[in-house]
Amino acid sequence: NQSLSYSGEDEIRQMLDSVDHLTTNLEVLANQADTIAAGDFSRTVDLLSEKDRLGMSLNNMSAILLKNQTSMQQQNWVRDGLANLSHALAGGLDTQHLMEQAISEVGRYLDAGKGVLYVYDENSQSLRLLASYMYDNRDQLANEIKLGEGAVGQTALEKKSIFLTHHEQQQKAL
């Protein structure tokens, strides 16, 4: 990297300033390419103009690679979780122990504070408690919940997940 000394304030100075600016920007773009090659897709470069195709291409490439990396991590997390669950459930366990092992494994893998496993009973049209995870006093849990009753019953009724952030009163039902 060599610097030219020129003290004039004419067209040559403008050309030298432009070349210096271009060299600096190419260095930034080369650094971004190196960053991408190293596996860091989180950074972007400032575009020189609306027509900076190289800068736009590098930013677009980073965004696509980051999206793909995130997707792969999520797929790996699900695959690993399923493999752990399959391993934990292998063996000749009776239904009750199988359900207890399942909710325990899922609870640990999800870092869940607590968890319950209910099954739908068509005869009573209600949910029946099969197993729980991290409950000190299982007697506080409802052994049977009607559809639409509390967060658990509402989740079953709607057949959609409900994410609870505050669950002081719901803790007994979950």
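The values are calculated or read from the model by the stated rules, or taken from the named source; none is laboratory data. Model, not experiment: these values are computed from the prediction. Cβ sites come from the backbone with ideal geometry, for glycine too, and all protein chains shown count toward neighbours. Side chains included, ligands, DNA and RNA excluded: accessible areas come from the protein's heavy atoms. Shrake-Rupley method; radii C 1.70, N 1.55, O 1.52, S 1.80 Å.
If only the Cβ of Lys and Arg carry +1 and only the Cβ of Asp and Glu carry -1, the dipole of the chain around its Cα centre is close to 760 debye.
Solvent exposure of the range 1-121 amounts to 75 Å² per residue of accessible area, where only protein heavy atoms count and the probe is 1.4 Å.
Annotated for the chain: lysine pairs at least 8 residues apart or interchain, Cα distance under 22 Å, count 9. Mean Kyte-Doolittle of at least -0.5 and a Cα length of 24 Å or more along the axis: which whole DSSP H helices of the chain meet both? Span-like helices, by this rule, are 11-37, 53-89. Give, as ranges by residue number, the residues of the range 33-57 whose backbone N falls under 12 Å from the point 7 Å along Cα→Cβ of M15. Backbone N within reach: none found. Working from Cα pairs under 8 Å separated by at least six residues, relative contact order for the range 36-174 is 13 percent. Our helix-only sum for the chain, with -39,500 (n - 2.57) per DSSP H run of n ≥ 4 divided by its residues, gives a mean residue ellipticity at 222 nm of -17500 deg cm²/dmol. Taking 7 Å steps out from each Cα toward its Cβ at A83 and S124 produces label points 4.0 nm apart.
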